[in-house]
Amino acid sequence: MAVKQYKAVIFDMDGTTLYTLQDLSDGLNYALRKNGFPPKPIEEIRLFVGNGVHSEAEHSVPSGTSEAEIEKVYQDFLPWYNAHCNDHTKPYDGILDLLKHIRAHGMRTAIVSNKGDEAVQILDEMYFHGLIDAGVGEKEGIARKPAPDTVNAVLKQLNVAREDAVYIGDSEVDLETAKNAGMDCIIVLWGYRDEAFLKEKGALDPVHTVKELEERLIHE
């Protein structure tokens, strides 16, 4: 990958900047049980994360479940998760220092997520206060990833051209999002997908560690 000095770095949230899997799993299983469906193991839920909670609900219910029942699972998940999104969630080791370092080198920072916008704002403020210039989650009027809407929204807020920004994520959804947004992309391997799967989906030269990611982004 050619060396390039970016003006902005746009991060995915779940599996990229924050470990959120336990709280997402607990919330989804709460909603499934409440609606009479069997819970799902966390390793199975891991494969759903990244497509948005509604999609996670669709994948978690038995085949043939009605749209109305899926919607009920989704609606029961939302308030539970907003109240419990920080029970087990934490930044990946080194992420906060990475944000500090790239900002010290003059780059702007943003987070985009298929998580509901309310939860994104809660977690941004809780963990990244002063380290993130813009954050956008799923909300009315902004299509979820892999549509480029969330990326376009933060680029506008940052006043940075897409060719001067890079997108960082951990899933096939992130690969598609960067492609749809016309942006460079770096895939990380500490998240919720396996390396072989990501390479099958087109990930080129993914990074294994936060230190390796920093070396890609910062050029003295």
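The values are calculated or read from the model by the stated rules, or taken from the named source; none is laboratory data. Computed from a predicted model, the values in this text were never measured in an experiment. Here Cβ is always computed from backbone atoms with ideal geometry, including for glycine, and neighbour counts include all displayed protein chains. Side chains are part of the model used for accessible areas, which takes the heavy atoms of the whole protein and leaves out ligands, DNA and RNA. Shrake-Rupley method; radii C 1.70, N 1.55, O 1.52, S 1.80 Å.
Take the residues of segment 127-144 that are out of contact with any Ser or Thr (no Cβ under 6 Å at 6 or more places or on another chain), closer than 27 Å to ARG216 by Cβ and not small (Gly, Ala, Ser): which is most open to solvent (accessible area, probe 1.4 Å)? Of everything passing the filter in segment 127-144, HIS129 is most open to solvent (accessible area, probe 1.4 Å). With respect to (1) among the hydrophobic types (A, V, I, L, M, F, W, C); (2) closer than 26 Å to GLU195 by Cβ; (3) open to solvent by 40 Å² or more (accessible area, probe 1.4 Å), the lone exception for ILE168 is condition (3). Within segment 20-30, is there a residue that is at positive phi and either assigned to a loop (DSSP other than H, G, I, E, B) or at pLDDT below 95 (or both)? No, the conditions are met nowhere in segment 20-30.
Only one of the numbered conditions (1) open to solvent by 40 Å² or more (accessible area, probe 1.4 Å); (2) within 13 Å of the chain's Cα centre (by Cα) is violated by ASP174, and that is (1). Sub-9 Å Cβ pairs linking a first residue in segment 202-220 that is under 11 Å from ILE187 (Cβ atoms) to a second residue that is of a type in the set (Lys, Arg) and assigned to a helix (DSSP H, G or I), at least 6 apart or interchain, are GLY202/LYS179; ASP205/ARG216; PRO206/LYS199; VAL207/ARG216, ordered by first then second residue.
Only residues that are open to solvent by 10 Å² or more (accessible area, probe 1.4 Å), assigned to a helix (DSSP H, G or I) and either closer than 15 Å to LEU24 by Cα or out of contact with any strand residue (DSSP E or B) (no Cβ under 9 Å at 6 or more places or on another chain) (or both) were counted across segment 74-116, and they come to 14.
Evaluated against (1) open to solvent by less than 30 Å² (accessible area, probe 1.4 Å); (2) closer than 23 Å to ASP194 by Cβ; (3) at pLDDT below 95, ARG46 falls short on exactly one condition, (1). With respect to being crowded, with 23+ Cβ neighbours inside 10 Å and under 19 Å from GLN121 (Cβ atoms), GLY52 falls outside the description.
Residues of segment 182-202 that are over 13 Å from the mean Cα position of the chain (by Cα), among the charged types (D, E, K, R), open to solvent by less than 70 Å² (accessible area, probe 1.4 Å) and within 26 Å of ILE42 (Cα to Cα): GLU195 alone.
Taken over segment 118-154, the residue count meeting the criterion of being touching a residue at least 24 places away in the same chain (Cβ under 8 Å), within 21 Å of GLY27 (Cα to Cα) and assigned to a helix (DSSP H, G or I) is 7. Regarding LYS179, is this residue modelled with pLDDT of 95 or more, within 17 Å of TYR92 (Cβ to Cβ), open to solvent by 30 Å² or more (accessible area, probe 1.4 Å) and not in a loop (DSSP other than H, G, I, E, B)? In short, no.
Of the residues THR65, THR16, which is farther than 17 Å from GLY169 by Cα, touching a residue at least 12 places away in the same chain (Cβ under 8 Å) and not in a helix (DSSP H, G or I)? Steps first, answer last, please.
Numbers: THR16 fails: farther than 17 Å from GLY169 by Cα.
Matching residue, one of THR65, THR16: THR65.
Taking the numbered list (1) modelled with pLDDT of 95 or more; (2) acidic (Asp, Glu); (3) open to solvent by 60 Å² or more (accessible area, probe 1.4 Å) in turn, ASP205 passes all entries but (1).
Please determine whether any residue of segment 111-125 is under 16 Å from GLY15 (Cα atoms), within 14 Å of the chain's Cα centre (by Cα) and acidic (Asp, Glu). Quick ask: steps written out before the conclusion?
First pass over segment 111-125, keeping only residues under 16 Å from GLY15 (Cα atoms): 111-116, 119-120, 123-124.
Narrowing further to those that are within 14 Å of the chain's Cα centre (by Cα): 111-116, 119-120, 123-124.
From what is left, the residues that are acidic (Asp, Glu) are 124.
Looking through segment 111-125, at least one residue is under 16 Å from GLY15 (Cα atoms), within 14 Å of the chain's Cα centre (by Cα) and acidic (Asp, Glu).
Scanning segment 61-73 for residues that are surrounded by 13 or more Cβ atoms within 10 Å (Cβ to Cβ) and not acidic (Asp, Glu) yields VAL61, THR65, ILE70, LYS72, VAL73.
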